[in-house]
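Enquirer: Dumping the structure here so I can ask a few things about it.
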Amino acid sequence: MTEAETRTTEAEWTTSNAAPESPPATTTSSDPDLPEPLPDDRYLNRELSWLDFNARVLALAADPSLPLLERAKFLAIFASNLDEFYMVRVAGLKRRDEMGLSVRSADGLSPREQLRRIGERTQQIATRHATVFGELVRPALAEQGIVIVTWSELSELERDRLSTYFHEQVFPVLTPLAVDPAHPFPFVSGLSLNLAITIRLPDDGTQHFARIKVPDNVDRFVELAPRDDDGATRFLPMEELISAFLTVLFPGLEIVEHHAFRITRNADFEVEEDRDEDLLQALERELARRRFGSPVRLEIAGDMTENMLELLLRELDVHPGDVIDVPGLLDLSSLWQIYGVDRPELKDPPFVPATPPAFGERETPKSIFSTLRDGDVLVHHPYDSFSTTVQRFIEQAAADPNVLAIKQTLYRTSGDSPIVSALIDAAEAGKQVVALVEIKARFDEQANIKWARALEQAGVHVVYGLIGLKTHCKTCLVVRREGSAIRRYCHIGTGNYNPKTSRLYEDVGLLTASPDIGADLTDLFNSLTGYSRKVSYRNLLVAPHGVRRGIVERIDREVAAHREGADARIRVKANALVDEQVIDALYRASQAGVPVEVVVRGICALRPGAPGFSENIVVRSILGRFLEHSRIIHFRAIDEVWIGSADMMHRNLDRRVEVMAQVKDRRLASQLNDVFESALDPATRCWELSADGRWTALPHAGETVRDHQVSLMERHRHP
């Protein structure tokens, strides 16, 4: 499994378009029952909140109760998350600052002040990251026979073997680059690991800078032959191997010093969408520019000298505030290689997703169409199998001679996706197949372009979305002839049509033959593929026009029902809660006495538990084996449950096509209520947010602890 496939770093965890934030909603209300206007300091900073989220990921790496290689995995996830945060969010802030834009964040901070605070906080957690690895995880791995060694710890025999490996496998791909009047400072690619070297010429004693890029097409850690005495699996970092043979790369020269460094470049580009230009060509042009983005972060090894640092700052044009001093190995995202060691006892025990009874057994599937004619089905991944539910739905549609058309949105999927294969099979069988491919899905653009062209070559009608909007909704519509009638079958989900991430991401999906939802999806696809501009639907909320308005309206209805004596409660589960208008509506609900419970994985700009405006709001965060990714909202008094693709963020509500669907079947609504009950159980391991922006791990020491995800796994094993 590759880092890109897991993307618990998912661009979806960490990134957002860096356009100016929308202004906060009004702080007053015409409602005479509202006791006080909302204060100006009612929002937490979204960027610092994201860093707090990544600190919670790091806390999992430090947790001795977790399997050891899983802790190494969380160290890798932390590093990848931080890379993307700098490539996008910090890059966007720097652009605003350099342009002199005075747009402040919702909590009143200028871009420059945010950058200063981000730098300070990043240095803190980067140091903690190195400490967790160096003082906790690395020694624990060594105790279990997985040893990351240094060159000085090797025997003469091992050094001789590595000399042969270096000369045969590594030396040919290295390119030492000198800097002098005839050789300008070399271009340093983003996220590459490099050695900065000072060499001295023997004839006149002058010193010069040189740079070597650690090749990224060989393993970062060189696996050593096992020793006879202990049988441990031992690894040497590649930069240590190269450092040991610098005299081979610079023969006849004195090596004065050498240090590792790494830069992160701006990847926050936007495609200028012109109706007269091919979008694929425009995107490919911007992708080529991405690798030349300006530096936004310089990571240096803790032993780097001041002179070397000053040279790098000058030549790379990096601000001193963008330097992160790392006391240990750089780029711990490479720990995915260590996680790949075959030691199952040091990892989470295997989990086999269940197949819901409505779909039959794995080997003897039922017809999904007949199942859905009997009633709606809710699937909950990864506890419910993706391959025997959603994937089977699309594969059966592709093979069914009575199916006339399949229409589907695709945001991210794996390169060898059976979903794409099924759509190709359907097109080749003569069905009308429409795939709305979002080729602007950040960091997956190149892959999406590749398989979009494969779909086109197979005869699939490929559409690339609407100008100015990303199509982020997760929808599939199947049109089937049944006798003299036409019936529509639908799937609406919270996660991507990706079989690989469906085993790692927690998501829910609704499979239904509801005529209303079928008609809604028909209208939606007509909007996405044609010139229709429909903004209202029967059973869906669709952004950018309807999701924010629909949610705020339902919050207000819940408040009104509470004032009439109904048992009101609002529950929200999301990846992020940032949108000021939604937050203000929740504050008003709290002021009216409506309990509000929020389960948010990542960013939260809402300030809970503050007297006068949010004392009835609780916010908690759950991280674990699976990436909590579903978006669910429950309004108890008005008896409505909604699921969908939209987080409460500006990018989702204003700049994306998102879909939320109401789950009307009481059986299915009860299943979603069980998810909330488990997540909000006082004994569930979580973090809780306080009014001052601090996250506290719960339950406290000595109290009963339960794991939300483990409980759901057990429930699906024994339904």
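The values are calculated or read from the model by the stated rules, or taken from the named source; none is laboratory data. Everything quoted here is computed from the prediction, not taken from an experiment. Neighbour counts are summed over all protein chains in view; Cβ atoms, including those assigned to glycine, are modelled from backbone coordinates with ideal geometry. Surface accessibility is based on the protein's heavy atoms, side chains included, excluding ligands, DNA and RNA. Shrake-Rupley method; radii C 1.70, N 1.55, O 1.52, S 1.80 Å.
Enquirer: Using a 1.4 Å probe and ignoring any ligands, DNA or RNA, find the accessible area of THR522 and quote it in Å² to the nearest 10.
Expert: Ignoring ligands and nucleic acids, THR522 comes out at about 30 Å².
Enquirer: Then there's this: Which residue, ALA178, VAL705, GLY293, has the largest displacement toward the positive end of the dipole of the chain when charges sit on each Cβ (Lys, Arg +1; Asp, Glu -1)?
Expert: Farthest towards the positive pole: VAL705.
Enquirer: Once Lys and Arg get +1 and Asp and Glu get -1 on their Cβ, which of GLY693, ALA566, PRO349 lies farthest toward the positive end of the dipole of the chain?
Expert: Of the options given, the answer is ALA566.
Enquirer: If you don't mind, another one. P(r) for the range 300-384, please, calculated from all Cα pair distances in 10 Å bins and given in %.
Expert: 12, 22, 14, 14, 15, 13, 9, 0
Enquirer: With N set to the residue count of the range 368-529, report its C-alpha Rg divided by 2.2 N^0.38 Å to two decimal places.
Expert: 0.96
Enquirer: What FRET efficiency comes out for ARG200 versus THR305 if R0 is 22 angstrom and r is the Cβ-Cβ distance? Round to the nearest 0.05.
Expert: So the FRET efficiency works out to roughly 0.95.
Enquirer: Kindly identify the range 631-719 as rounded, prolate or oblate by the Cα gyration tensor criterion: order the square roots of the eigenvalues as a ≥ b ≥ c, call it rounded if a/c is under 1.5, otherwise compare a/b with b/c, prolate if a/b is larger, else oblate.
Expert: oblate
Enquirer: Could you let me know the centre-to-centre spacing of the range 578-630 and the range 394-413, using Cα atoms, in angstrom?
Expert: 37
Enquirer: Rounded to the nearest whole Å², what accessible area per residue is found for the chain with the 1.4 Å probe?
Expert: 40
Enquirer: Taking only Cα atoms, what is the 0 to 90° angle, nearest 10, from helix 418-428's long axis to the longest principal axis of the chain?
Expert: 60
Enquirer: Stretch HIS700-ARG717 to full length: gain in nm at 0.36 nm per residue minus the Cα-Cα span?
Expert: Separation in residues times 0.36 nm, less the Cα-Cα distance, equals 3.2 nm.
Enquirer: Could you please state, rounded to a whole Å, how far the C-alpha centre of the range 301-352 is from the C-alpha centre of the range 189-215?
Expert: 19
Enquirer: Let me ask something additional. Keeping the other protein chains in place, figure out the carbon and sulfur percent of the accessible area of the range 540-717, with a 1.4 Å probe.
Expert: Exposed carbon and sulfur together represent 46 percent of the surface.
Enquirer: For the range 368-529, with all protein chains present and a 1.4 Å probe, just round the carbon and sulfur fraction of the accessible area to a whole percent.
Expert: 47
Enquirer: By its C-alpha gyration tensor, with a ≥ b ≥ c as the square roots of the eigenvalues, how is the range 540-717 shaped: rounded for a/c under 1.5, else prolate for a/b larger than b/c, else oblate?
Expert: It comes out rounded by the Cα gyration axes.
Enquirer: Can you give the local net charge around PRO544? Use residues other than it whose beta-carbon is closer than 9 angstrom to its beta-carbon, Lys and Arg +1, Asp and Glu -1.
Expert: +1
Enquirer: For a quick check: with amide H placed at 1.01 Å from N, whose amide H comes under 5 Å from GLY459's, ignoring anything fewer than 5 positions away on the same chain?
Expert: none
Enquirer: Specify the angular offset, from 0 to 90 degrees and rounded to the nearest 10, of the alpha carbon long axis of helix 580-591 from the longest principal axis of the alpha carbons in the chain.
Expert: 60
Enquirer: Now a separate question. With runs of 4+ DSSP H residues as the only contributors, calculate the mean residue ellipticity of the chain at 222 nm using -39,500 (n - 2.57) per run, divided by the residue total and rounded to the nearest 500.
Expert: Only helices count here, giving -10000 deg cm²/dmol.
Enquirer: Run the dipole for the chain about the Cα centre, Lys and Arg Cβ at +1, Asp and Glu Cβ at -1, nothing else charged, and hand back the magnitude in debye, nearest 20.
Expert: Value, rounded to 20: 2140 debye.
Enquirer: Could you point to the residue in ILE255, LEU627, ILE368 farthest towards the positive end of the chain's charge dipole, with +1 and -1 charges on the Cβ of Lys/Arg and Asp/Glu respectively?
Expert: So the residue furthest toward the plus end is ILE368.
Enquirer: Could I ask something else about it? Need one word for the range 46-346: rounded, prolate or oblate. Basis is the Cα gyration tensor (sqrt eigenvalues a ≥ b ≥ c); a/c below 1.5 gives rounded, then a/b vs b/c decides.
Expert: oblate
Enquirer: On C-alpha positions alone, give me the angle between the axis of helix 666-679 and the longest principal axis of the chain, in degrees, nearest 10.
Expert: In the chain, helix 666-679 runs at an angle near 40 degrees to the longest axis.
Enquirer: Express in Å², to the nearest 10, the accessible area of MET238 obtained by rolling a 1.4 Å probe over the protein heavy atoms while all chains stay in place.
Expert: Accessible area of MET238: about 0 Å².
Enquirer: Sticking with this structure for a sec: Using only the Cα atoms, what convex hull volume per residue in Å³ does the chain have?
Expert: Considering the Cα atoms of the chain, their hull volume per residue is 184 Å³.
Enquirer: Hey, if we sort HIS718, HIS381 by accessible area with the 1.4 Å probe, largest down, what's the order?
Expert: Result of the area sort, largest leading: HIS718, HIS381.
Enquirer: How about the range 145-191: which chymotrypsin sites (Phe, Trp or Tyr not before Pro) there lie in a loop by DSSP and see at most 16 other Cβ atoms within 10 Å?
Expert: Loop-located and lightly packed - PHE187.
Enquirer: Which of the pairs LYS500/LYS664; LYS500/LYS573; LYS366/LYS407 have their Cα atoms more than 28 Å apart in this structure?
Expert: LYS500/LYS664
Enquirer: Also, I was wondering about something else. How many nm separate the modelled label positions at ALA519 and ARG161, each set 7 Å beyond the Cα in the direction of the Cβ?
Expert: Calculated label separation equals 7.2 nm.
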